[in-house]
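J.: Input: one structure, supplied below.
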Amino acid sequence: MTSTTNTSSGAARLRPATAQDVDFLAEMLLTAFNWDRPRFTRDELLGTPHIAHYVTGWGKPGDFGVVAEDESGNPVGAAWARTFPADDPGYGYVGPGVPELTLGVLPGHRGRGTGGALLDALVKAAIEQPVEGLSLSVEDGNAAVRLYMTRGFLAVGREGSSDTMLLDLPQATSGRPGA
């Protein structure tokens with residue numbers, strides 16, 4: 001599933017994330033948590049089990065993701081999803097059949113369409129899985145909420161200063177009565 005997509009800064013190469021990308025995913029997790037300012041260190045995130053579970057052991061069955069690379073092959077962003085059990089939920093948990101996504105783009109590459117390309121590729125991969133939907137948590141003030149809303153994510157819950165958003169996927173809704 002390697003593809004090239006045009007962004008406002010040129011072409012970004014998208015490829016499937018693999019278990020070998022776990023260090024970069026951890027970097028993108030830090031970027032996602034520090035979206036507005038430095039609040040956490042990498043060691044703090046990876047030392048906190050309910051945060052570290054977004055990347056710890058990533059690449060197991062059911063995990064899927066996409067990495068964006070610049071023209072030199074350097075990773076600049078990633079979007080990935082994994083399912084959490086009810087007794088160890090993620091921040092955007094809505095149910096056991098709905099993977100939670102994480103998306104991060106390096107600061108120097110934001111605003112160029114990379115995040116949208118990653119999200120679109122991850123949604124396509126989710127449909128191919130197939131899974132019921134994708135969920136996420138987004139804090140108040142995070143401009144990424146506009147990206148999620150333009151792709152059809154809807155707020156379905158609230159915890160503290162964050163919304164839990166859900167995207168129902170086509171194969172999941174097409175068989176439901178009334179859909």
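The values are calculated or read from the model by the stated rules, or taken from the named source; none is laboratory data. This one's a predicted model, so the numbers in the text were calculated from it and none came from an experiment. A quick note on method: Cβ atoms are made from the backbone with ideal geometry, for glycine too, and the neighbour counts reach across all protein chains shown. Keep in mind that these areas ignore ligands, DNA and RNA; they rest on the heavy atoms of the full protein, side chains included. Shrake-Rupley method; radii C 1.70, N 1.55, O 1.52, S 1.80 Å.
J.: Given the DSSP H assignment, sum -39500 (n - 2.57) over each helix run of at least 4 residues in the chain and divide by its residue total; what's the result at 222 nm in deg cm²/dmol, nearest 500? Walk me through the intermediate numbers first.
T.: Working: 6 runs with 48 residues, N = 179.
For the chain, the value works out to -7000 deg cm²/dmol.
J.: With charges only on Cβ, +1 for K and R and -1 for D and E, what is the dipole size of the range 1-122 about its Cα centre, in debye, rounded to 20? Could the numbers behind the result be given before it?
T.: Details: 9 positive and 14 negative charges, 47 e Å.
Result for the range 1-122 is approximately 220 debye, rounded to the nearest 20.
J.: Go through the range 32-39 residue by residue and turn each phi into a ³J(HN,Hα) via Karplus (6.51, -1.76, 1.60, θ = phi - 60°); whole Hz please, and just put x for glycine and proline.
T.: 5, 6, 9, 4, 10, 5, x, 10
J.: Give the accessible area for S72 in Å² (nearest 10); use a 1.4 Å probe, count only protein heavy atoms, and leave out ligands, DNA and RNA.
T.: Rounded to the nearest 10, that gives 90 Å².
J.: Taking amide hydrogens as modeled 1.01 Å from N in the peptide plane, which residues meet the under 5 Å criterion relative to F64, leaving out close sequence neighbours?
T.: A81
J.: Further, regarding this structure: Probe radius 1.4 Å, ligands and nucleic acids ignored: give me the carbon and sulfur share of the accessible area of the range 24-145 as a rounded percent.
T.: On the way: 2830 of 5230 Å².
Looking at the range 24-145 in its full context, I get 54 percent from C and S.
J.: Please give me, ordered by residue number, the trypsin sites (Lys or Arg not before Pro) of the range 1-110 that lie in loop per DSSP and have at most 13 other Cβ atoms within 10 Å.
T.: Values: sites: R13, R39, R42, R82, R110; in loops: R39, R110.
Listed in order of number, the matching sites are R39.
J.: Let me ask something additional. So what's the range 40-122 giving for Cα Rg divided by 2.2 N^0.38 Å, two decimals? Intermediate results must be reported in sequence, preceding the final value.
T.: Numbers: Rg = 13.7 Å, N = 83, 2.2 N^0.38 = 11.8 Å.
So the Cα radius of gyration is 1.16 times the expected 2.2 N^0.38 Å.
J.: Same structure again: Suppose all protein chains stay in the model; what accessible area per residue would a 1.4 Å probe give for the range 1-110, in Å²? Don't skip to the end; give the middle numbers.
T.: Details: 5260 Å² over 110 residues.
For the range 1-110, the solvent-accessible area averages 48 Å² per residue.
J.: Suppose accessible area is computed on protein heavy atoms with a 1.4 Å probe; arrange I127, I51 from highest to lowest.
T.: Working: I127 65, I51 10 Å².
Of I127, I51, the descending order of accessible area is I127, I51.
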